[in-house]
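The values are calculated or read from the model by the stated rules, or taken from the named source; none is laboratory data. The structure displayed is predicted, hence computed values, not measured ones. Cβ placement follows ideal geometry from the backbone for every residue including glycine, while neighbour counts extend to all protein chains displayed. Just so you know, the surface numbers come from the protein's heavy atoms only, side chains and all, with ligands and any DNA or RNA stripped out. Shrake-Rupley method; radii C 1.70, N 1.55, O 1.52, S 1.80 Å.
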Amino acid sequence: PICLMAPSTGNWCPHCLHEDREHGRPPYFRLAWDVKLVNACERHGTQLVCVCPDCGKTGVRHKAAYVIPGWCTQCGAFLGSSRPSLNASPEALWIAQQVGKLLCAQTLLKASPVLASVQQTLTTLVIRMDQGNGAAFGSRVGVAKSTVHCCIHGKTALTLEPALRIAAATGLSLDKLLTADLEGWVQPTDLCQLDLDL
């Protein structure tokens, strides 16, 4: 029960594509690269890119009738590179890690997540962390009190941005939050140090 938005330009990690080719595997685009808020490669600790290293154009990963993963749709250049990239921020790496865990957990689910269970989990978090005060919880996690109310009462889908904010502030991983798994969760004694600029 979460909405994942795709980025407007196709992002990729040139190091992942380079490793695919170097190890004799066909290069492929990772699913996490298509999630709007993911702009880092957890594996390499670098920022994802969206510009062809050869022709300098954007949107070259998928804007064509025929796409060969790993090659520019404009000039045909290989998009993988072993050149140095910009390091990703700790926040960007955390987001990439959380989305990766969520995508991995999705493949292991025995049953589809139930919206009512996620709503109950959110209610439990609000009660345990802020004595049931949705406005105080919203302020703590950095979302509007109306978002908290609507997510708890089922009036709106929980989107990725508020889910990440809730996960960061509660110390509960994104996959556990969205599968309603509070087993072993202990309320954090201090606020999350991540400054999620979403």
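Where residues in region 108-164 are in a helix (DSSP H, G or I) and basic (Lys, Arg), which of them is most open to solvent (accessible area, probe 1.4 Å)? Break it down stepwise before answering.
Here is the first cut: in region 108-164, the ones in a helix (DSSP H, G or I) are 108, 115-130, 134-141, 145-152, 160-164.
After this cut, where a residue has to be basic (Lys, Arg) as well, the list is 128, 140, 145.
Working: ARG128: 117, ARG140: 78, LYS145: 138 Å².
Filtering first and then ranking leaves LYS145.
Of the set (1) in contact (Cβ under 8 Å) with a residue 40 or more places away in the chain; (2) closer than 30 Å to GLY45 by Cα, all apply to MET129 but (2).
The single condition among (1) part of a loop (DSSP other than H, G, I, E, B); (2) polar (S, T, N, Q); (3) touching a residue at least 40 places away in the same chain (Cβ under 8 Å) that GLN74 does not meet is (3). Answer yes if at least one residue in region 79-91 is open to solvent by 20 Å² or more (accessible area, probe 1.4 Å), part of a helix (DSSP H, G or I) and touching a residue at least 24 places away in the same chain (Cβ under 8 Å), and no otherwise. Within region 79-91, one or more residues are open to solvent by 20 Å² or more (accessible area, probe 1.4 Å), part of a helix (DSSP H, G or I) and touching a residue at least 24 places away in the same chain (Cβ under 8 Å).
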